[in-house]
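Just so you know, all these numbers are worked out from the coordinates, no wet-lab data involved. All values derive from a computational prediction rather than experimental measurement. Every residue, glycine as well, gets a Cβ built from its backbone with ideal geometry; the counts of neighbours run over all protein chains shown.
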Amino acid sequence: MTGVELVRWQWMGYPRYHQSRLNLLIHVVLVPMFVAGNITLVVAVVSRSWSAGVAGIVATALSIGLQGRGHRSEVVPPEPFSSAGNAAARIFLEQWVTFPRFVLSGGWWRAIRGSAA
């Protein structure tokens with residue numbers, strides 16, 4: 001599956017796999033944490049800052065782990081990863097493309113309003 005096909009596939013199923021209020025709230029906090037961790041890691045590499053690099057890695061890993069726990073609250077669990085590369089691509093694209101698009105399109109707000117408390 002190409003990157004474009006993966007983004008299209010992820011977008012088509014996104015509302016189905018993101019219905020739980022808990023998971024939606026976790027994502028709205030932790031996706032920005034993932035992005036900030038990625039940016040911090042890049043800045044750390046450029047500036048050769050070990051402490052910033054560790055902070056970026058911790059923020060990224062913590063975000064992924066907690067979002068994974070959030071997905072356990074979903075009625076429809078996400079599709080299993082088919083490989084390590086598939087996992088990396090899906091996680092990266094969800095954080096940088098699909099979730100921001102979901103928020104900006106109003107999908108997150110519709111999902112949170114339609115979710116059970």
Which of the residues belonging to region 79-110 are part of a loop (DSSP other than H, G, I, E, B) and polar (S, T, N, Q)?
Ser82, Ser83, Ser105
Please work out which one of (1) touching a residue at least 60 places away in the same chain (Cβ under 8 Å); (2) over 12 Å from the mean Cα position of the chain (by Cα) is the condition Arg90 fails and give its number.
(2)
Only one of Val46, Val42, Val28, Val58 is surrounded by fewer than 16 Cβ atoms within 10 Å (Cβ to Cβ) and in contact (Cβ under 8 Å) with a residue 40 or more places away in the chain. Can you tell me which?
Val28
Which one of Met1, Met33, Met12 is hydrophobic (A, V, I, L, M, F, W, C) and either in contact (Cβ under 8 Å) with a residue 12 or more places away in the chain or in contact with an Asp or Glu (Cβ under 9 Å, 6 or more places away or on another chain) (or both)?
Met33
Kindly indicate which of Gly68, Gly37, Gly53 is under 18 Å from Val97 (Cβ atoms) and among the small types (Gly, Ala, Ser).
Gly37
All but one of (1) within 23 Å of Met1 (Cα to Cα); (2) assigned to a helix (DSSP H, G or I) hold for Val76, so report the exception by its number.
(2)
